[in-house]
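The values are calculated or read from the model by the stated rules, or taken from the named source; none is laboratory data. These numbers were taken from a predicted model, which means no experiment stands behind them. Cβ: placed from backbone, ideal geometry, glycine included. Neighbour counts: every protein chain shown. Areas reflect the complete protein model, heavy atoms only, side chains present, ligands, DNA and RNA absent. Shrake-Rupley method; radii C 1.70, N 1.55, O 1.52, S 1.80 Å.
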Amino acid sequence: EIAFSFIKATEGADHHDPRFGENWIGAGTAQLARGAYHYFTFCTAGQAQAEHFLRVLPSDTPALPAVVDVEFSGNCRNAPAAGQIRAELAGFLEPVEAATGRKAILYVTRKAYRRIVSGQFNDNPIWIRNTFWEPSLGNRATWAFWQHTDRGKVPGIKGPVDLNVFNGTTAEFRQLLESRSATS
């Protein structure tokens, strides 16, 4: 059973997914819990990316927390050092979390988790991609979401779909969906 959907809204400081509005409405019509995500580009200032994302982010409630997708795949060719990426990511997270009143979820690959996120951003929920086995985050308590495949099939959607699971109870999911004061 499909219970939730994270929908790409923006990328970098200037790309807006042209189907975001349609997909957002469609997920709502299908009665799915939904959240918006931003693909974070390493070669663009985090503040500029946050401003762009916040212009597009719906204010519907309830909704899942905002997500920032942090991965090396498909990113700029000459990525800055990890410390600079972390600083720009913090520059993205601060205004997004202030505007939404909750901690953003960090979507990461294993490589991005190890090189950028591990030991940092400890209060942010982690959504990890690992299509081979259940992920382990080392000394961190646990992951909140896990993308376990990028080859799922969903009726009504052409082509492969990413499938994810939430690591918690129905009550915990409902609390995440309805929370608004995670950063207050």
*Counting just the residues of segment 25-51 that are within 15 Å of the chain's Cα centre (by Cα) and closer than 18 Å to E178 by Cα, which one comes out surrounded by the fewest Cβ atoms within 10 Å (Cβ to Cβ)?*
A33
_Return the residues of segment 28-68 that are closer than 20 Å to P18 by Cα and of a type in the set (S, T, N, Q); say none if nothing qualifies._
T29, T41, Q49, S59
*Name the pairs: first residue in segment 7-18 and closer than 13 Å to L54 by Cα, second residue part of a loop (DSSP other than H, G, I, E, B) and open to solvent by less than 30 Å² (accessible area, probe 1.4 Å), Cβ to Cβ under 7 Å, at least 6 apart or on different chains?*
E11/T41; G12/T41
*Could you check, for segment 101-114, whether at least one of its residues is in a helix (DSSP H, G or I), open to solvent by 30 Å² or more (accessible area, probe 1.4 Å), free of Cβ contacts under 8 Å to residues at least 40 places away in the same chain and under 21 Å from F6 (Cα atoms)?*
yes
*Looking only at segment 3-24, count how many residues are acidic (D, E) and surrounded by fewer than 16 Cβ atoms within 10 Å (Cβ to Cβ).*
2
*Of (1) outside any loop (DSSP other than H, G, I, E, B); (2) out of contact with any helix residue (DSSP H, G or I) (no Cβ under 7 Å at 6 or more places or on another chain); (3) surrounded by 15 or more Cβ atoms within 10 Å (Cβ to Cβ), L89 satisfies all except one. Which?*
(2)
